[in-house]
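Presented below is the structure to which this report refers.
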Amino acid sequence: MSASIAAPFSAEDIAAEGIKPEEYEEIVRRLGRHPNKAELGMFGVMWSEHCCYKNSRPLLKQFPTEGDRILMGPGENAGVVDLGDGLHLAFKIESHNHPSAVEPFQGAATGVGGILRDIFTMGARPIALLNSLRFGSLDDARTRRLFSGVVSGIAHYGNCVGVPTVGGEIYFDRAYADNPLVNVMALGLMETPEIVVSGAKGIGNPVLYVGSTTGRDGMGGASFASAELSDASMDDRPAVQVGDPFLEKSLIEACLEAFKTGAVVAAQDMGAAGLTCSTSEMAAKGGVGIELDLDLIPSRETGMVPYEYLLSESQERMLFVAHKGREQELIDIFERWGLHAVVAGTVIAEPIVRIFFQGDIAAEVPATALSDNTPIYHRELLAEPPDYARQAWAWTPATLPPCSADGIELQGTQHTWNDILLQLLASPTIASKRWVYRQYDHQVQNNTVMLPGGADAAIVRTRPHSAPLTPHASLKGVAATVDCNPRYVYLHPYEGAKAAVAEAARNLSCVGAEPIAVTDNLNFGSPEKSIGYWQLAEACRGLAEACKAFSTPVTGGNVSLYNETLDADGKPQPIYPTPVVGMVGLIPDLTRIAGQGWQAEGDVIYLLGAPIEPLAVDPSPFPSPNAPLPTLGGSEYLAVVHDTIAGIPPIIDFDLERRVQSACREGIRQGWVRSAHDCAEGGLAVALAESCLSGGRGATITLNPVQLQPSNETRWDHLLFAEGGARIVVSVAPNQVAQWEMYLMLHLDTDWGIIGQVGDQEAALQIAIAPTSSSSHNKPLINLALADMGDRWHNAVERGLAP
């Protein structure tokens, strides 16, 4: 039957499923007929960007995916890496952005539930959660509601299911006012001898539906996640799933018990696209087909039709393929845990997904047409960077008001550098997130080694739930972090993406962990717009290059496009491009780790990385690969103090990054380095303040700039608040200084320096300039009591939430 015969659906019906006219023509061609309603819905969800990556798949091919420790790369529910000593770690990151914008509590909660299922579907017990969140300004009442709801949802699900939330990051920017980002990362330790895969095998093997019942919640969630948000989206609450963490806890235990029997051939979580996705992906990956009878599916609502069964995204459900004759063994396990388990289908030789309902065929579609043989769009890349980027790159520090050692004049008012540092510490993006992580149970399972807020990365003990540990393995831990400065990526997608990977590796190095692998979450606007696709393509290029440079292969991840909000005039407003990097690292000895806070009075403070430089570097309007020094371009200082989003963000020098990070790790493992903290948002001054506040001790800092001009030409703000340069602040006990400096001279050449000393618990943070022939200024640039800094830093988020 040709497509020329009148379609049984209107153009509006087809568009409502997220299907383009040319895609509908392709569906008809593949089927040899028009689809029915259920089949149209199946194609709609499976051909959405959320499921098939039709705009991003060509770009993802450039990512490195292989390495010595990689046991499972992209293509399964999660990546798996070898930690040595028989320990295998599964990890993955996923987004739940659009559902969280509509219903923040359930959207975030079910995001946690979904990523946990990706982990234990592999045969791994979840041991930790992290999250990467983006919101608008806390000055906006809607942002405050979204923020509170998302945090509550994450806390509710994670706390109830018994998996600790150990770390994360949160940014606040107007670009996310109506489209928050909720990315959740999970880690798990393998408990099964073999990795559980999702490809169906064995003709005649039974297909089991296990877990919760199926309802109408989450209808078409995958398509919903692949469209712009609008005022009408607020009414699309059925597309938001409803989770039950207590049921999921039972599902974790039942699945792990079932996997250990050896009776399970393959397993697939029912996440996006529900039954449609699980049946088609399992069949396609195994090169077989699946028949499924919807009359056998446990349901929680009456009158459901095939379209609803197939598109429901009800939570806490799984699909298994079992060895024939062992199905009852599995059913008994799930029933003992109070869960549903029924034989609902069969593996068949013909590579199709055939769905039955009330004795008739309700849908019949080739498995590959829904899974791997989906549309791919190769879009044209802009020949030149867009105007907004070129205009931003033309910014130079010369446009800023003049400043002196005493401060800077802003809108007719003189501000001291004390005032500026306090303003930055009170910025919600920089400020302590204790209001958030105090709602999370971060110590459940008793394996959390580093508490949230204590270090640049989370640290978890790798203690299996059941198997005994060797003495050597008992000292091992895993560190994890999620990172991305979206302002950098907006201003320069290629360099900004490289910076995200570099910062993740740097954060792991600051706790003593060796970076080993990456999972990424690509949050972008519409790829159908030239600027949106340029941002996506350039960011992917940067991620690929950086992951190769740091030898951290990508094991999988998530793509979330169309993160745009339609305003009242129907004009889409995209978020900043936000490629979040989730990275894991290996800690060989948990007795040799470091946090970010000073440890003892008298410890010597060092700055590793690019030298201290008070002048703006590389003022040319285009990025130079030879200018990796710190810059005010794209900085938090520029955004918060001057309300300016411009400049070239920090240029990454891979060689410098690798050498600095290696030195930091070695210093920690040798017991020389007692604390380590990278210079990120807010630059050196903020990093020093955070180390003071985390350690409860002051510091006396004397900076000796490489190049200090007469006072009227010096950019003191650049010295204090510039970002980049692969810089890490570390502290070392006095009796370890000789060995540490000998190591630095051999491995870092001149890319390090002593900058001060840790004070006592009553001391302030003082930052002064070493006297030079060109400057007689001896008054500290910054002199702030811990109490004053702590009041701003600790309480900023709570104050922002106050009505």
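The values are calculated or read from the model by the stated rules, or taken from the named source; none is laboratory data. None of these values were measured; they are calculated from a predicted model. Neighbour counts are summed over all protein chains in view; Cβ atoms, including those assigned to glycine, are modelled from backbone coordinates with ideal geometry. Just so you know, the surface numbers come from the protein's heavy atoms only, side chains and all, with ligands and any DNA or RNA stripped out. Shrake-Rupley method; radii C 1.70, N 1.55, O 1.52, S 1.80 Å.
For residue 363, list long-range residues whose amide hydrogen, built 1.01 Å from N in the peptide plane, is under 5 Å from its own amide hydrogen.
355
Could you work out how far apart the two model spin labels at residue 358 and residue 242 are, taking each label as a point 7 Å from the Cα in the direction of the beta carbon, and quote it in nm?
Modelled inter-label distance: 2.5 nm.
Just the accessible area for residue 17, please: 1.4 Å probe, Å², rounded to the nearest 10?
The accessible area comes out at roughly 10 Å².
Under 25 °C and 0.890 mPa s, how fast does the range 1-132 diffuse according to Stokes-Einstein, given a Kirkwood radius computed over C-alpha pairs? Answer in µm²/s, whole number.
On the way: Rh = 18.0 Å.
Answer from the Stokes-Einstein relation: 136 µm²/s.
About the Cα centre of the range 51-171, what is the dipole size in debye to 20, counting +1 per Lys and Arg Cβ and -1 per Asp and Glu Cβ, all else neutral?
On the way: 11 positive and 11 negative charges, 76 e Å.
For the range 51-171, the charge dipole is close to 360 debye.
I need the calculated FRET efficiency for the pair residue 443 and residue 381, taking r as the beta carbon distance and R₀ as 56 Å, to the nearest 0.05.
Details: r = 47 Å, r/R0 = 0.85.
Once the sixth-power term is evaluated, E becomes 0.75.
Above 14 Å lies some portion of the pair distances; for the range 346-420, what is it as a whole percent of all C-alpha pairs?
Result: 79 percent of Cα pairs exceed 14 Å.
In square nanometres, what is one fourth of the surface area of the convex hull spanned by the alpha carbons of the range 258-349? If you can, show how the numbers build up before the last one.
Numbers: hull surface 24.3 nm².
In nm², the orientation-averaged hull projection of the range 258-349 is 6.1.
With a 1.4 Å probe and all protein chains left in place, how much of the accessible area of the range 1-145 comes from carbon and sulfur atoms, in whole percent?
Roughly 51 percent of what the probe reaches on the range 1-145 is carbon or sulfur.
Could you tell me what percent of the accessible area of the range 328-372 is made up of carbon and sulfur, with a 1.4 Å probe and every protein chain present?
53
Using the Kirkwood radius built from alpha carbon pairs, what does the Stokes-Einstein equation give as D for the range 632-711 at 37 °C and 0.692 mPa s, in µm² per second?
Answer, rounded: 215 µm²/s.
Tell me, what is the FRET efficiency for residue 798 and residue 68 to the nearest 0.05, using R0 = 51 angstrom and their Cβ-Cβ distance as r? All intermediate terms of the calculation are to be shown ahead of the outcome.
Values: r = 46 Å, r/R0 = 0.90.
According to the calculation, E is roughly 0.65.
From zero up to wherever the largest Cα-Cα distance of the range 159-215 sits, split into 10 Å bins and tell me the percent of pairs in each.
So the P(r) values, bin by bin, are 12, 24, 32, 21, 10, 1.
Keeping every protein chain present and rolling a 1.4 Å probe, give me the accessible area per residue for the chain in Å².
Accessible area per residue, the chain: 34 Å².
Choose one of 587, 606, 552: the residue whose Cα lies farthest towards the positive end of the charge dipole of the range 514-619 (beta-carbon charges +1 Lys, Arg; -1 Asp, Glu; about the Cα centre).
It is 552.
Can you give the extra length, in nm with one decimal, that the chain gains between residue 406 and residue 785 once fully stretched, where that is 0.36 nm per residue apart less the Cα-Cα distance?
In short, 134.7 nm is gained.
Quick check: residue separation of residue 529 and residue 203 times 0.36 nm, minus the Cα distance between them. What number comes out in nm?
Contour length minus Cα-Cα distance gives 112.8 nm.
At 1.4 Å probe size, what's the solvent-accessible area of residue 88? Round to the nearest 10 Å².
Result for residue 88: roughly 60 Å² accessible.
Go ahead and run the numbers for FRET between residue 61 and residue 551, Cβ-Cβ distance against an R0 of 25 Å, rounding to 0.05.
0.85
Per DSSP H run of at least 4 residues, take -39500 (n - 2.57); add these up for the chain, divide by its residues and hand me the 222 nm value, nearest 500 deg cm²/dmol.
Only helices count here, giving -9500 deg cm²/dmol.
P(r) of the range 655-770 in 5 Å steps, Cα pairs, percent per bin?
Over the range 655-770, the share of Cα pairs per 5 Å bin runs 2, 10, 20, 23, 22, 15, 6, 2, 0 percent.
Suppose we keep just the DSSP beta bridges with both residues in the range 272-383; what percent of those would be antiparallel, to 5?
Antiparallel bridges: around 70 percent, rounded to the nearest 5.
Let's see if you can work this out: charge +1 on each Lys and Arg Cβ, -1 on each Asp and Glu Cβ, no other charges. What is the dipole magnitude of the chain about its Cα centre, in debye to the nearest 20?
Charge dipole of the chain: 1160 debye, to the nearest 20.
Quick one: compute the contact order of the range 233-387, relative version, from alpha carbon pairs under 8 angstrom and 6+ residues apart, as a percent.
Worked out over the range 233-387, it gives 32 percent.
Roughly what % of Cα-Cα distances in the range 472-526 sit above 13 Å, to the whole percent?
63
Out of residues 5 or more away from residue 449 or on other chains, whose amide H comes under 5 Å of its own, with H placed 1.01 Å from N in the peptide plane?
Sorted by chain and number, the residues that satisfy this are 459, 460, 461.
Take residue 743 and residue 592, extend 7 Å from each Cα along the Cα→Cβ direction, and tell me the distance between the two endpoints in nm.
About 0.8 nm separates the two model spin labels.
Step through the table entries 61/476; 92/201; 498/779; 498/529; 92/548, compare each Cα-Cα distance with 28 Å, and write down the pairs that go over it.
Result: 61/476; 498/779 exceed 28 Å.
At 37 °C and 0.692 mPa s, what whole-number value in µm²/s does Stokes-Einstein give for the translational diffusion of the chain, with Rh from the Kirkwood sum over Cα pairs?
Diffusion coefficient, whole number: 121 µm²/s.
Tell me the label-point distance for the pair residue 148, residue 704, using the 7 Å Cα-to-Cβ offset, in nm and rounded to one decimal.
The modelled label-to-label distance comes out at 5.3 nm.
For the range 150-219, give the percent of accessible area contributed by carbon and sulfur heavy atoms, probe 1.4 Å, rounded to a whole number.
In the range 150-219, the share of accessible area belonging to carbon and sulfur is 53 percent.
Which residue, chosen from 65, 93, 50, occupies the Cα position most advanced towards the positive end of the dipole of the range 1-97, where the dipole is computed from +1 (Lys, Arg) and -1 (Asp, Glu) charges on Cβ about the Cα centre?
50
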